[in-house]
Amino acid sequence: MRTLLLPAGAAGTVETAAEILKQGGVVAVPTETVYGLAADGLNPEAVLKIFEAKGRPQDNPLILHVAEAEAVEAVCHDIPAAARELAARFWPGPLTMVLPCREVVPRRTTANLDTVAVRCPRNAVTRAIIRAAGVPLAAPSANRSGKPSTTAAAHVLHDMDGRIDAIVDGGPCQVGVESTIVDLTGDRPRLLRPGGVTPEQLREVLGELVVDRAVTAQVARDAVVRAPGMKYRHYAPQGQVLIVSGGPEAAAAYVRRRFAPGDAVLCFEEELPLYAGCNPTAYGREADTESLARGLFAALRDLDRADIRTIYARCPQGGGITWAVRNRLGKAAGFRVVGAEEAP
Ligand code: AMP
Ligand code: MG
């Protein structure tokens, strides 16, 4: 299959992409979070192609993307007031809600769950494509399963060339990490994945918010989880990622004691001088936490090479978007953290 490259601003892009989607094809689309691998979310054959292109396990459910909040009524029932409040405040934007699912949604989309995840993305061209296709689009991140998500069209092309019908190039993604996921089907709202909408912002609307264990720790392979996708290894380069916590000097001293040829360092721009000679890559500025979210996946992709053995990674502390950065880096590392101050 030849993969078409469609610039987001070009005449005919929306119509071409929508036509492919209506025919049951797969198109990678830009969103403010990461690139999505989109297909007609109500067509099981089309949805199957997403799983095949990604090599994604079929028990990992997909998110349905809608062009406006009203479209959720067609795919969900018993929508709680909290969901309407969250949509009014954060949509279009990087927030996904898990809600009770209607029969029209194929079991393949939800991985056999009786709930479905829905989101309204911010990207104007992608919303125009959803409207023109006339159906909600199922769209997981446009990367090969297990690999870092794609935040630029070049990343998508690298992973998906020849495997999907088209890529809409909308430039680099603004947020850089996948959407926040909140489950509204239990007794209390539960954060399943942190993202561009922060836990603090969610609490302003919801009052309370339970943070699922999978956000901050490794989930056992045989564990019963709210969403099966939570237990899979994710975002992982070929080398082993090890998070080094502690102050800048202590962390650099720890890495220098262990560093061997074939290792690499993933750090903040401010810390680059501390790692001279240790093959450092910066993913953003510690003082600008949004830049860390934006740059993380591109940096992990750069470091995804067979000749790199151990990647010593620096991880930001604090609230807001750093929840999401810690979660993704944690998953890439299998949540392996060493405290530089205590370690020999
Ligand atoms: P991705 O689209 O790859 O960024 O990941 C989608 C993720 O959304 C899945 O891996 C699940 O963790 C979550 N998800 C999707 N549908 C549901 C659902 N019905 N209930 C809980 N989580 C879901
Ligand atoms: Mg993904």
Which residue pairs have Cβ atoms under 7 Å apart, sit 6 or more places apart or on different chains, and have a first residue in the stretch 72-97 that is within 18 Å of T115 (Cα to Cα) and touching a residue at least 60 places away in the same chain (Cβ under 8 Å) and a second that is small (G, A, S) and assigned to a helix (DSSP H, G or I)? M97/A83
Could you tell me whether D78 is away from ligand 1 (no atom under 12 Å from the Cβ) and either crowded, with 18+ Cβ neighbours inside 10 Å or aliphatic (A, V, I, L, M) (or both)? no
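Let me confirm something: among R127, R163, which residue is away from ligand 1 (no atom under 11 Å from the Cβ), of a type in the set (D, E, K, R) and in contact with a strand residue (DSSP E or B) (Cβ under 9 Å, 6 or more places away or on another chain)? Break it down stepwise before answering.
On the way: R163 fails: in contact with a strand residue (DSSP E or B) (Cβ under 9 Å, 6 or more places away or on another chain).
One residue alone meets the criteria, R127.
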Return yes when A223 is among the small types (G, A, S) and either away from ligand 2 (no atom under 13 Å from the Cβ) or modelled with pLDDT of 95 or more (or both) and no when it is not. yes
Is it true that some residue in the stretch 92-110 is at pLDDT 95 or above, within 12 Å of ligand 1 (Cβ to nearest atom), part of a loop (DSSP other than H, G, I, E, B) and more than 15 Å from the chain's Cα centre (by Cα)? yes
Members of the stretch 278-314 that are touching a Ser or Thr at 6+ places or on another chain (Cβ under 7 Å) and either under 18 Å from A252 (Cα atoms) or not aliphatic (A, V, I, L, M) (or both): G284, R285, T289, F297, D302
Tell me yes or no: at least one residue of the stretch 66-87 is within 16 Å of the chain's Cα centre (by Cα) and closer than 21 Å to R122 by Cα. no
How many residues are over 23 Å from F90 (Cα atoms), hydrophobic (A, V, I, L, M, F, W, C) and in contact (Cβ under 8 Å) with a residue 24 or more places away in the chain when one looks only at the stretch 143-189? 9
Report, by residue number, each residue of the stretch 258-290 that is touching a residue at least 24 places away in the same chain (Cβ under 8 Å) and basic (K, R). R258
Where the second residue is acidic (D, E) and away from ligand 2 (no atom under 16 Å from the Cβ) and the first is assigned to a loop (DSSP other than H, G, I, E, B) and lies in the stretch 15-43, which pairs have Cβ atoms under 6 Å and are six or more apart or on separate chains? G24/E45; G25/D165; V26/D165
Considering every residue within the stretch 149-160, establish whether at least one is on the phi > 0 side of the Ramachandran plot, buried (at least 20 other Cβ atoms within 10 Å of the Cβ) and in contact with a Leu (Cβ under 8 Å, 6 or more places away or on another chain). no
Does V244 meet the test of being out of contact with any Pro (no Cβ under 8 Å at 6 or more places or on another chain), surrounded by 22 or more Cβ atoms within 10 Å (Cβ to Cβ) and not in a helix (DSSP H, G or I)? yes
Per the filter on the stretch 276-293, residues out of contact with any helix residue (DSSP H, G or I) (no Cβ under 9 Å at 6 or more places or on another chain) and not in a loop (DSSP other than H, G, I, E, B) are E290
Across the stretch 158-190, the tally of residues that are farther than 24 Å from V325 by Cα and either away from ligand 2 (no atom under 16 Å from the Cβ) or out of contact with any helix residue (DSSP H, G or I) (no Cβ under 9 Å at 6 or more places or on another chain) (or both) stands at 11
Among what's in the stretch 133-160 and is among the β-branched types (V, I, T) and more than 13 Å from ligand 1 (Cβ to nearest atom), pick the residue that is nearest to the chain's Cα centre (by Cα). V156
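This table checks each residue for (1) of a type in the set (D, E, K, R); (2) surrounded by 22 or more Cβ atoms within 10 Å (Cβ to Cβ); (3) out of contact with any Cys (no Cβ under 7 Å at 6 or more places or on another chain).
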residue	(1), (2), (3)
E269	yes, no, yes
P273	no, no, yes
C278	no, no, yes
T281	no, no, yes
A287	no, no, yes
L292	no, yes, yes
L296	no, yes, yes
R301	yes, yes, yes
R305	yes, no, yes
Can you pull out every residue in the stretch 45-73 that is part of a helix (DSSP H, G or I), out of contact with any Asp or Glu (no Cβ under 7 Å at 6 or more places or on another chain) and surrounded by 14 or more Cβ atoms within 10 Å (Cβ to Cβ)? V47, L48, K49, I50, F51, A53, K54, A69, A71, V72
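The values are calculated or read from the model by the stated rules, or taken from the named source; none is laboratory data. From a predicted model like this one, the values you see are computed outputs, not experimental measurements. A quick note on method: Cβ atoms are made from the backbone with ideal geometry, for glycine too, and the neighbour counts reach across all protein chains shown.
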